[in-house]
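The values are calculated or read from the model by the stated rules, or taken from the named source; none is laboratory data. What you are looking at is a predicted structure, and each value in this text was computed from that prediction instead of being measured. All Cβ positions, glycine included, derive from the backbone under ideal geometry; neighbour counts span all protein chains shown. Each accessible area value is taken on the protein alone, full model and side chains, heavy atoms only, with ligands, DNA and RNA left out. Shrake-Rupley method; radii C 1.70, N 1.55, O 1.52, S 1.80 Å.
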Amino acid sequence: MALISLVRGMRDLLPAETGDWRRAETAAAACFARYGYGEIRTPVVERLALFSRQLGAHTDIVKKEMYAFADRADEELCLRPEATVPTVRAAAAANLHRGGVARLWYGGPMFRRERPQKGRYRQFWQLGAEAIGGAPAAAIDAEQIIMLSALWAELKIGGRLQLAVNNLGAPAERAAYGKTLAAYFRRHLGDLDEPARAAVDENPLRILDSKDEKTAEIAAAAPKIESALGAGSRRHMDSVKSIIAAAGVEFLEEPRLVRGLDYYNLTVFEWTLKDDARRQNALCGGGRYDGLSEQIGGPPLPGCGFALGLDRLVALAESRAAAAPDCFLTAAGARAEYCMRAAEILRGAGFSVWQHGGGGNLARQLKKADAMKTPLAIIVGTEEETQNTVSLKRLRDGKQCSAPLENAAAAAASLHSPTENI
Ligand code: HAM
(Lines give C-alpha, C1' and ligand atoms only; values in the text may rest on other atoms or scores of the structure.)
Protein backbone atom coordinates (compact mmCIF):
# COMPACT_ATOMS: atom_id res chain seq x y z
CA MET A 1 0.00 0.00 0.00
CA ALA A 2 1.35 3.45 -0.88
CA LEU A 3 2.06 5.78 2.03
CA ILE A 4 -0.87 8.15 2.59
CA SER A 5 0.37 11.52 1.44
CA LEU A 6 0.19 15.04 2.82
CA VAL A 7 -2.76 17.28 2.00
CA ARG A 8 -1.82 19.65 -0.84
CA GLY A 9 -0.42 22.94 0.41
CA MET A 10 0.44 21.53 3.84
CA ARG A 11 3.91 20.50 4.90
CA ASP A 12 5.86 18.70 7.58
CA LEU A 13 8.61 20.66 9.26
CA LEU A 14 11.45 18.27 9.88
CA PRO A 15 14.13 18.47 12.60
CA ALA A 16 16.61 19.96 10.12
CA GLU A 17 14.27 22.98 9.79
CA THR A 18 12.59 23.32 13.16
CA GLY A 19 15.69 24.71 14.89
CA ASP A 20 15.64 27.70 12.54
CA TRP A 21 11.91 28.11 13.14
CA ARG A 22 12.31 28.05 16.89
CA ARG A 23 15.15 30.56 16.78
CA ALA A 24 13.10 32.97 14.64
CA GLU A 25 10.10 32.59 16.96
CA THR A 26 12.26 33.11 20.03
CA ALA A 27 13.89 36.23 18.58
CA ALA A 28 10.48 37.67 17.64
CA ALA A 29 8.90 36.84 21.01
CA ALA A 30 11.81 38.51 22.84
CA CYS A 31 11.62 41.54 20.55
CA PHE A 32 7.84 41.94 21.01
CA ALA A 33 8.24 41.60 24.77
CA ARG A 34 10.76 44.47 24.79
CA TYR A 35 7.96 46.68 23.43
CA GLY A 36 5.46 45.52 26.05
CA TYR A 37 3.52 42.97 23.97
CA GLY A 38 2.16 39.97 25.89
CA GLU A 39 1.38 36.67 24.20
CA ILE A 40 -2.19 35.62 23.39
CA ARG A 41 -3.29 32.24 22.00
CA THR A 42 -6.67 32.00 20.32
CA PRO A 43 -8.25 28.82 18.88
CA VAL A 44 -7.60 27.54 15.40
CA VAL A 45 -11.33 26.86 14.88
CA GLU A 46 -13.64 29.88 14.92
CA ARG A 47 -17.16 30.78 13.82
CA LEU A 48 -17.34 31.50 10.11
CA ALA A 49 -19.36 34.66 10.84
CA LEU A 50 -16.35 36.14 12.64
CA PHE A 51 -14.55 36.54 9.32
CA SER A 52 -17.04 36.74 6.46
CA ARG A 53 -17.83 40.43 6.61
CA GLN A 54 -14.82 41.71 8.51
CA LEU A 55 -12.22 40.52 6.03
CA GLY A 56 -14.46 41.69 3.16
CA ALA A 57 -17.17 39.68 1.38
CA HIS A 58 -15.40 40.34 -1.92
CA THR A 59 -11.86 39.50 -0.87
CA ASP A 60 -10.15 36.37 -2.24
CA ILE A 61 -9.86 34.94 1.26
CA VAL A 62 -13.59 35.03 1.95
CA LYS A 63 -14.74 34.26 -1.59
CA LYS A 64 -12.60 31.24 -2.31
CA GLU A 65 -10.00 30.42 0.31
CA MET A 66 -11.85 29.69 3.54
CA TYR A 67 -11.66 26.23 5.08
CA ALA A 68 -15.29 26.41 6.16
CA PHE A 69 -17.41 23.52 7.35
CA ALA A 70 -20.53 22.66 9.32
CA ASP A 71 -19.64 20.63 12.38
CA ARG A 72 -21.73 17.77 13.71
CA ALA A 73 -24.12 20.20 15.40
CA ASP A 74 -24.45 22.11 12.11
CA GLU A 75 -22.57 25.12 13.41
CA GLU A 76 -20.87 27.10 10.63
CA LEU A 77 -17.20 26.99 11.58
CA CYS A 78 -13.87 27.54 9.86
CA LEU A 79 -10.14 27.23 10.30
CA ARG A 80 -8.85 30.74 10.97
CA PRO A 81 -7.39 32.41 7.88
CA GLU A 82 -5.75 35.10 10.04
CA ALA A 83 -5.65 36.11 13.69
CA THR A 84 -6.39 39.83 13.86
CA VAL A 85 -10.16 39.42 14.07
CA PRO A 86 -9.93 36.63 16.70
CA THR A 87 -7.49 38.71 18.74
CA VAL A 88 -9.85 41.70 18.71
CA ARG A 89 -12.70 39.36 19.71
CA ALA A 90 -10.66 37.92 22.57
CA ALA A 91 -9.50 41.37 23.76
CA ALA A 92 -13.07 42.72 23.74
CA ALA A 93 -14.48 39.62 25.48
CA ALA A 94 -11.87 39.73 28.25
CA ASN A 95 -11.86 43.53 28.54
CA LEU A 96 -8.14 43.59 27.97
CA HIS A 97 -8.30 47.21 26.84
CA ARG A 98 -9.48 48.36 30.30
CA GLY A 99 -6.13 49.76 31.30
CA GLY A 100 -5.58 51.60 27.98
CA VAL A 101 -3.96 49.92 25.01
CA ALA A 102 -3.81 46.11 25.08
CA ARG A 103 -0.58 45.07 23.37
CA LEU A 104 -0.83 41.45 22.25
CA TRP A 105 1.27 39.16 20.09
CA TYR A 106 0.50 35.71 18.72
CA GLY A 107 2.00 32.96 16.64
CA GLY A 108 0.50 29.93 14.99
CA PRO A 109 -0.85 28.28 11.87
CA MET A 110 -3.39 30.02 9.60
CA PHE A 111 -5.32 28.37 6.77
CA ARG A 112 -6.12 29.67 3.30
CA ARG A 113 -6.94 27.50 0.35
CA GLU A 114 -4.65 29.34 -2.05
CA ARG A 115 -2.86 27.90 -5.06
CA PRO A 116 0.25 26.43 -3.44
CA GLN A 117 3.70 27.34 -4.65
CA LYS A 118 7.07 28.19 -3.13
CA GLY A 119 6.45 30.52 -0.20
CA ARG A 120 2.69 30.09 -0.44
CA TYR A 121 1.01 27.31 1.52
CA ARG A 122 -2.48 26.40 2.60
CA GLN A 123 -1.37 26.01 6.19
CA PHE A 124 1.21 28.68 6.96
CA TRP A 125 2.53 30.21 10.14
CA GLN A 126 2.17 33.80 11.17
CA LEU A 127 3.64 35.82 13.99
CA GLY A 128 1.66 38.96 14.57
CA ALA A 129 0.97 41.71 17.06
CA GLU A 130 -2.03 43.92 17.72
CA ALA A 131 -2.38 47.10 19.80
CA ILE A 132 -6.05 47.35 20.73
CA GLY A 133 -7.91 50.14 22.54
CA GLY A 134 -6.81 53.53 23.83
CA ALA A 135 -6.59 56.35 21.33
CA PRO A 136 -5.73 55.79 17.64
CA ALA A 137 -2.32 57.41 18.13
CA ALA A 138 0.20 57.57 15.30
CA ALA A 139 2.90 56.65 17.82
CA ILE A 140 1.39 53.15 18.12
CA ASP A 141 1.57 52.49 14.37
CA ALA A 142 5.08 53.96 14.25
CA GLU A 143 6.28 51.92 17.21
CA GLN A 144 5.17 48.68 15.52
CA ILE A 145 7.10 49.61 12.38
CA ILE A 146 10.17 50.47 14.47
CA MET A 147 9.81 47.22 16.43
CA LEU A 148 9.77 45.20 13.20
CA SER A 149 12.77 47.07 11.82
CA ALA A 150 14.62 46.13 15.01
CA LEU A 151 13.64 42.49 14.48
CA TRP A 152 14.86 42.51 10.86
CA ALA A 153 18.16 44.01 12.03
CA GLU A 154 18.55 41.34 14.70
CA LEU A 155 17.87 38.62 12.12
CA LYS A 156 20.25 40.33 9.68
CA ILE A 157 17.68 40.61 6.88
CA GLY A 158 16.95 44.34 7.01
CA GLY A 159 19.07 45.07 3.93
CA ARG A 160 17.01 42.73 1.77
CA LEU A 161 13.63 44.23 2.62
CA GLN A 162 11.70 47.21 1.37
CA LEU A 163 9.03 48.92 3.47
CA ALA A 164 6.06 50.53 1.71
CA VAL A 165 3.47 52.65 3.50
CA ASN A 166 0.19 54.15 2.42
CA ASN A 167 -2.71 56.07 3.90
CA LEU A 168 -6.20 54.63 3.32
CA GLY A 169 -7.88 57.48 5.15
CA ALA A 170 -10.91 57.40 7.41
CA PRO A 171 -13.57 54.79 6.48
CA ALA A 172 -15.78 57.45 4.81
CA GLU A 173 -12.81 58.77 2.82
CA ARG A 174 -11.88 55.27 1.75
CA ALA A 175 -15.47 54.62 0.65
CA ALA A 176 -15.63 57.89 -1.32
CA TYR A 177 -12.33 57.07 -2.99
CA GLY A 178 -13.70 53.61 -3.88
CA LYS A 179 -16.56 55.30 -5.76
CA THR A 180 -14.17 57.61 -7.64
CA LEU A 181 -12.01 54.63 -8.56
CA ALA A 182 -14.97 52.50 -9.69
CA ALA A 183 -16.11 55.33 -11.98
CA TYR A 184 -12.59 55.60 -13.42
CA PHE A 185 -12.20 51.86 -14.01
CA ARG A 186 -15.67 51.63 -15.57
CA ARG A 187 -14.41 53.96 -18.27
CA HIS A 188 -11.60 51.45 -19.03
CA LEU A 189 -13.64 48.27 -18.59
CA GLY A 190 -12.72 46.79 -21.98
CA ASP A 191 -8.98 46.93 -21.23
CA LEU A 192 -9.08 45.39 -17.76
CA ASP A 193 -8.34 41.72 -17.14
CA GLU A 194 -11.14 39.44 -15.95
CA PRO A 195 -10.48 39.61 -12.16
CA ALA A 196 -10.24 43.41 -12.36
CA ARG A 197 -13.51 43.66 -14.28
CA ALA A 198 -15.21 41.61 -11.59
CA ALA A 199 -13.73 43.85 -8.87
CA VAL A 200 -14.83 47.20 -10.32
CA ASP A 201 -18.10 47.29 -8.40
CA GLU A 202 -17.19 45.02 -5.51
CA ASN A 203 -13.70 46.04 -4.49
CA PRO A 204 -12.19 48.67 -6.83
CA LEU A 205 -9.20 49.42 -4.54
CA ARG A 206 -8.00 45.88 -5.07
CA ILE A 207 -7.42 46.59 -8.78
CA LEU A 208 -4.67 49.03 -7.82
CA ASP A 209 -2.19 46.26 -7.04
CA SER A 210 -3.06 44.12 -10.09
CA LYS A 211 -0.11 42.23 -11.57
CA ASP A 212 -1.66 42.09 -15.06
CA GLU A 213 0.43 44.36 -17.29
CA LYS A 214 -2.37 46.22 -19.06
CA THR A 215 -4.52 46.49 -15.94
CA ALA A 216 -1.54 47.74 -13.93
CA GLU A 217 -0.93 50.40 -16.57
CA ILE A 218 -4.52 51.64 -16.25
CA ALA A 219 -4.30 51.44 -12.46
CA ALA A 220 -1.12 53.54 -12.47
CA ALA A 221 -3.02 56.39 -14.11
CA ALA A 222 -6.02 56.12 -11.75
CA PRO A 223 -6.87 58.98 -9.36
CA LYS A 224 -4.71 58.76 -6.21
CA ILE A 225 -6.18 58.35 -2.75
CA GLU A 226 -4.33 61.50 -1.69
CA SER A 227 -7.14 63.55 -3.27
CA ALA A 228 -9.75 61.90 -1.03
CA LEU A 229 -7.95 62.40 2.30
CA GLY A 230 -9.07 64.90 4.92
CA ALA A 231 -6.80 66.96 7.16
CA GLY A 232 -7.09 64.55 10.13
CA SER A 233 -6.00 61.56 8.04
CA ARG A 234 -3.09 63.48 6.57
CA ARG A 235 -1.95 64.58 10.02
CA HIS A 236 -2.04 60.99 11.30
CA MET A 237 0.10 59.65 8.48
CA ASP A 238 2.50 62.60 8.54
CA SER A 239 3.07 61.90 12.18
CA VAL A 240 3.69 58.16 11.57
CA LYS A 241 6.19 59.00 8.83
CA SER A 242 7.94 61.62 10.92
CA ILE A 243 8.40 59.25 13.89
CA ILE A 244 9.72 56.34 11.83
CA ALA A 245 12.01 58.58 9.77
CA ALA A 246 13.46 60.05 12.97
CA ALA A 247 14.14 56.50 14.13
CA GLY A 248 16.10 55.84 10.94
CA VAL A 249 13.54 53.58 9.23
CA GLU A 250 13.61 53.87 5.45
CA PHE A 251 10.32 53.60 3.60
CA LEU A 252 8.63 54.22 0.28
CA GLU A 253 5.23 55.86 -0.05
CA GLU A 254 3.19 53.54 -2.24
CA PRO A 255 -0.25 54.90 -3.15
CA ARG A 256 -1.14 51.55 -4.70
CA LEU A 257 -0.64 49.61 -1.48
CA VAL A 258 -4.16 48.56 -0.43
CA ARG A 259 -3.65 45.17 1.33
CA GLY A 260 -5.83 42.13 0.70
CA LEU A 261 -8.22 42.56 3.62
CA ASP A 262 -11.02 45.09 3.99
CA TYR A 263 -10.75 46.16 7.62
CA TYR A 264 -8.00 48.75 7.26
CA ASN A 265 -8.15 52.53 7.56
CA LEU A 266 -5.41 55.17 7.77
CA THR A 267 -1.96 53.54 8.03
CA VAL A 268 -1.16 50.44 5.99
CA PHE A 269 2.33 49.04 5.56
CA GLU A 270 4.07 46.08 4.01
CA TRP A 271 7.61 44.71 3.81
CA THR A 272 8.53 42.92 0.61
CA LEU A 273 11.74 41.36 -0.66
CA LYS A 274 13.75 43.88 -2.67
CA ASP A 275 15.12 41.42 -5.22
CA ASP A 276 11.95 39.47 -5.94
CA ALA A 277 9.05 40.68 -8.07
CA ARG A 278 6.80 37.68 -7.42
CA ARG A 279 3.41 38.23 -5.90
CA GLN A 280 4.06 36.15 -2.80
CA ASN A 281 7.06 38.22 -1.83
CA ALA A 282 5.34 40.03 1.04
CA LEU A 283 7.03 39.11 4.28
CA CYS A 284 4.94 41.19 6.62
CA GLY A 285 1.91 43.43 6.36
CA GLY A 286 -0.40 45.35 8.60
CA GLY A 287 -2.11 48.57 9.44
CA ARG A 288 -4.83 50.28 11.42
CA TYR A 289 -8.37 48.88 11.77
CA ASP A 290 -10.30 51.30 13.94
CA GLY A 291 -13.80 50.03 13.01
CA LEU A 292 -13.18 46.30 13.37
CA SER A 293 -14.25 45.78 16.97
CA GLU A 294 -17.67 47.34 16.38
CA GLN A 295 -18.11 45.26 13.23
CA ILE A 296 -17.97 42.11 15.34
CA GLY A 297 -20.28 43.49 18.02
CA GLY A 298 -17.60 44.79 20.36
CA PRO A 299 -17.11 48.25 21.88
CA PRO A 300 -15.46 50.97 19.79
CA LEU A 301 -11.77 50.04 19.98
CA PRO A 302 -9.16 51.47 17.68
CA GLY A 303 -6.47 49.02 16.70
CA CYS A 304 -3.30 48.60 14.72
CA GLY A 305 -1.29 45.48 14.02
CA PHE A 306 0.66 43.34 11.62
CA ALA A 307 1.48 39.75 10.82
CA LEU A 308 4.63 38.29 9.32
CA GLY A 309 4.82 35.02 7.43
CA LEU A 310 7.08 32.73 9.42
CA ASP A 311 7.53 30.29 6.49
CA ARG A 312 8.92 33.20 4.46
CA LEU A 313 10.96 34.65 7.32
CA VAL A 314 12.71 31.36 8.02
CA ALA A 315 13.49 30.92 4.33
CA LEU A 316 15.22 34.33 4.39
CA ALA A 317 17.02 34.27 7.70
CA GLU A 318 20.35 32.62 8.33
CA SER A 319 20.11 28.88 8.74
CA ARG A 320 22.07 27.09 11.40
CA ALA A 321 22.47 23.30 11.47
CA ALA A 322 21.41 21.66 14.72
CA ALA A 323 24.37 20.80 16.95
CA ALA A 324 25.17 17.12 17.43
CA PRO A 325 24.35 15.63 20.85
CA ASP A 326 27.14 16.10 23.42
CA CYS A 327 27.46 12.42 24.18
CA PHE A 328 27.05 9.18 22.27
CA LEU A 329 26.40 6.43 24.80
CA THR A 330 27.65 3.16 23.39
CA ALA A 331 26.01 -0.01 24.57
CA ALA A 332 29.02 -2.27 24.90
CA GLY A 333 27.65 -5.09 27.00
CA ALA A 334 26.13 -3.28 29.99
CA ARG A 335 22.45 -3.86 30.73
CA ALA A 336 19.94 -1.33 29.38
CA GLU A 337 19.10 -0.32 32.97
CA TYR A 338 22.71 0.63 33.63
CA CYS A 339 23.06 2.52 30.33
CA MET A 340 19.88 4.42 31.10
CA ARG A 341 21.16 5.41 34.56
CA ALA A 342 24.40 6.74 33.08
CA ALA A 343 22.50 8.67 30.40
CA GLU A 344 20.12 10.19 32.96
CA ILE A 345 22.97 11.31 35.22
CA LEU A 346 24.58 13.13 32.29
CA ARG A 347 21.28 14.64 31.11
CA GLY A 348 20.60 15.81 34.64
CA ALA A 349 23.81 17.86 34.38
CA GLY A 350 22.73 19.46 31.08
CA PHE A 351 24.42 17.16 28.57
CA SER A 352 22.44 15.90 25.60
CA VAL A 353 22.88 12.16 25.26
CA TRP A 354 22.20 9.99 22.24
CA GLN A 355 21.78 6.35 23.27
CA HIS A 356 22.84 3.87 20.67
CA GLY A 357 19.72 1.93 19.77
CA GLY A 358 20.92 -0.98 17.66
CA GLY A 359 23.59 -3.66 17.79
CA GLY A 360 27.12 -3.56 16.44
CA ASN A 361 30.46 -3.84 18.18
CA LEU A 362 32.15 -0.98 20.01
CA ALA A 363 34.34 0.00 17.03
CA ARG A 364 31.30 0.35 14.79
CA GLN A 365 29.44 2.37 17.39
CA LEU A 366 32.39 4.72 17.83
CA LYS A 367 32.52 5.16 14.06
CA LYS A 368 28.88 6.19 14.13
CA ALA A 369 29.57 8.64 16.97
CA ASP A 370 32.37 10.11 14.86
CA ALA A 371 30.08 10.45 11.85
CA MET A 372 27.50 12.26 13.99
CA LYS A 373 30.27 14.63 15.15
CA THR A 374 29.44 13.88 18.76
CA PRO A 375 32.13 15.39 21.01
CA LEU A 376 32.11 12.60 23.62
CA ALA A 377 31.65 8.84 23.58
CA ILE A 378 30.47 7.33 26.86
CA ILE A 379 31.44 3.69 27.00
CA VAL A 380 29.50 1.41 29.28
CA GLY A 381 30.53 -2.22 28.90
CA THR A 382 30.19 -5.18 31.24
CA GLU A 383 33.40 -4.19 32.98
CA GLU A 384 32.17 -0.66 33.68
CA GLU A 385 28.88 -2.03 35.00
CA THR A 386 30.61 -4.48 37.32
CA GLN A 387 32.83 -1.72 38.68
CA ASN A 388 30.00 0.84 38.72
CA THR A 389 31.96 3.20 36.48
CA VAL A 390 31.79 4.79 33.03
CA SER A 391 34.58 5.33 30.51
CA LEU A 392 34.64 8.55 28.51
CA LYS A 393 36.43 9.37 25.30
CA ARG A 394 36.79 12.74 23.62
CA LEU A 395 36.57 11.92 19.96
CA ARG A 396 38.42 14.99 18.68
CA ASP A 397 41.78 13.95 20.19
CA GLY A 398 41.11 10.53 21.67
CA LYS A 399 41.62 11.76 25.27
CA GLN A 400 40.06 9.20 27.63
CA CYS A 401 39.18 8.88 31.30
CA SER A 402 37.13 6.73 33.59
CA ALA A 403 35.00 7.75 36.57
CA PRO A 404 32.61 6.29 39.12
CA LEU A 405 29.06 6.38 37.74
CA GLU A 406 27.93 9.11 40.15
CA ASN A 407 30.81 11.32 38.98
CA ALA A 408 30.09 10.77 35.29
CA ALA A 409 28.90 14.36 34.74
CA ALA A 410 31.99 15.94 36.32
CA ALA A 411 34.21 13.67 34.25
CA ALA A 412 32.30 14.59 31.08
CA ALA A 413 32.58 18.30 31.96
CA SER A 414 36.37 17.94 32.28
CA LEU A 415 36.45 16.91 28.60
CA HIS A 416 33.62 19.02 27.09
CA SER A 417 31.04 21.63 28.18
CA PRO A 418 27.37 20.95 27.41
CA THR A 419 26.08 22.62 24.24
CA GLU A 420 23.12 25.01 24.30
CA ASN A 421 21.02 23.13 21.77
CA ILE A 422 17.93 25.27 21.16
P1 HAM B 1 -1.76 39.19 5.36
O2 HAM B 1 -1.08 40.18 4.51
O3 HAM B 1 -2.92 38.48 4.78
O4 HAM B 1 -2.22 40.00 6.66
O5 HAM B 1 -0.73 38.13 5.88
C6 HAM B 1 0.44 38.53 6.56
C7 HAM B 1 1.64 37.72 6.08
O8 HAM B 1 1.36 36.32 6.19
C9 HAM B 1 2.00 37.92 4.63
O10 HAM B 1 2.79 39.07 4.44
C11 HAM B 1 2.77 36.65 4.31
O12 HAM B 1 4.13 36.76 4.73
C13 HAM B 1 2.08 35.62 5.19
N14 HAM B 1 1.17 34.80 4.37
C15 HAM B 1 -0.07 35.10 3.97
N16 HAM B 1 -0.60 34.10 3.22
C17 HAM B 1 0.35 33.14 3.14
C18 HAM B 1 0.43 31.85 2.51
N19 HAM B 1 -0.59 31.33 1.85
N20 HAM B 1 1.58 31.14 2.63
C21 HAM B 1 2.63 31.64 3.34
N22 HAM B 1 2.61 32.83 3.96
C23 HAM B 1 1.50 33.58 3.86
C24 HAM B 1 -2.92 39.44 7.69
O25 HAM B 1 -3.10 38.26 7.83
C26 HAM B 1 -3.36 40.47 8.71
N27 HAM B 1 -4.09 39.75 9.79
C28 HAM B 1 -2.18 41.24 9.24
C29 HAM B 1 -2.57 42.24 10.27
C30 HAM B 1 -2.47 42.11 11.60
N31 HAM B 1 -3.15 43.39 10.03
C32 HAM B 1 -3.40 44.00 11.18
N33 HAM B 1 -3.01 43.20 12.14
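Result for the chain in a Gaussian network model with C-alpha springs under 10 Å: among A371, A216, A142, the largest mean-square fluctuation is at A371.
Most simply put, the chain has about 80% antiparallel DSSP beta bridges, counting only bridges with both residues inside it. With N the number of residues in region 199-275, Rg(Cα) / (2.2 N^0.38 Å) evaluates to 1.22. Say a paramagnetic label sat at a point 7 Å from the Cα of K211, along Cα to Cβ; which residues of region 281-309 have their backbone N under 14 Å from it? Within reach of a label on K211, which here means backbone N under 14 Å from a point 7 Å along Cα→Cβ, region 281-309 contributes 281-283.
Calculate, in nm to one decimal, what D12 and E406 gain on full extension: separation in residues at 0.36 nm each, minus their alpha carbon distance.
Extending this stretch completely gives an extra 137.8 nm.
When E17, E82 are compared by accessible area at a 1.4 angstrom probe, the order from most to least is E17, E82. Within the straight-line cut-off of under 17 Å between alpha carbons, the aspartates and glutamates reachable from K64 are E76, E82, E114, E194, E202, D262, sequence neighbours fewer than 8 places apart in one chain being disregarded. With both labels modelled 7 Å from their Cα along Cα-to-Cβ, the I4 to E420 distance reads 4.1 nm. Taking label points 7 Å from Cα along the Cα-to-Cβ direction, R364 and A57 give a separation of 7.0 nm. Probing with 1.4 Å while keeping every protein chain in the model, the per residue accessible area of the chain equals 49 Å².
Give me the percent relative contact order of region 292-367, please, defined on Cα pairs under 8 angstrom at least 6 residues apart.
It rounds to 27 percent for region 292-367.
Within region 1-149, the percentage of alpha carbon pairs spaced more than 29 angstrom apart rounds to 26%.
If the segment from R394 to E202 were pulled out straight at 0.36 nm per residue, it would be longer than the present Cα-Cα gap by 62.2 nm. With R₀ fixed at 30 Å, the C-beta to C-beta distance from R160 to R41 puts the FRET efficiency at about 0.50.
Once the Cβ-Cβ distance between Q295 and M372 is put in as r, and R0 is 56 Å, what FRET efficiency do you end up with, to the nearest 0.05? Working from the Cβ atoms, E equals 0.50.
More than 38 Å apart: what percent of Cα pairs in the chain qualify? It would help to have the intermediate numbers written out before the result.
Working: 33720 of 88831 pairs.
That fraction is 38 percent.
Mean separation of Cα pairs under 8 Å and 6 or more residues apart, divided by the residue count, gives region 244-396 a relative contact order of 16 percent.
How big is region 149-306 by the Kirkwood estimate over distinct Cα pairs, in Å?
On the way: mean 1/r = 0.0598 Å⁻¹.
Value: 16.7 Å, from the Cα pair sum.
Report, in listed order, any pair from K367/K393; K214/K274; K211/K241 with a Cα-Cα distance greater than 21 Å. Cα-Cα > 21 Å for K214/K274; K211/K241; rest within.
Among R234, R72, R47, the largest mean-square fluctuation in a Gaussian network model of the chain (Cα springs under 10 Å) belongs to R72. At q = 0.12, 0.17, 0.21 Å⁻¹ the log10 of I(q)/I(0) for region 291-422 amounts to -0.52, -0.85, -1.16, computed by Debye summation with a single uniform scatterer per C-alpha, solvent ignored. Per atom type, the chain shows carbon and sulfur on 53% of its accessible surface, probed at 1.4 Å.
Apply the a/c threshold of 1.5 to the C-alpha gyration tensor of region 138-205 and tell me whether it is rounded, prolate or oblate. Spell out each step's value before the answer.
Working: a/c = 4.73, a/b = 2.03, b/c = 2.33.
It is oblate, given that a/c is not under 1.5 and a/b is not larger than b/c.
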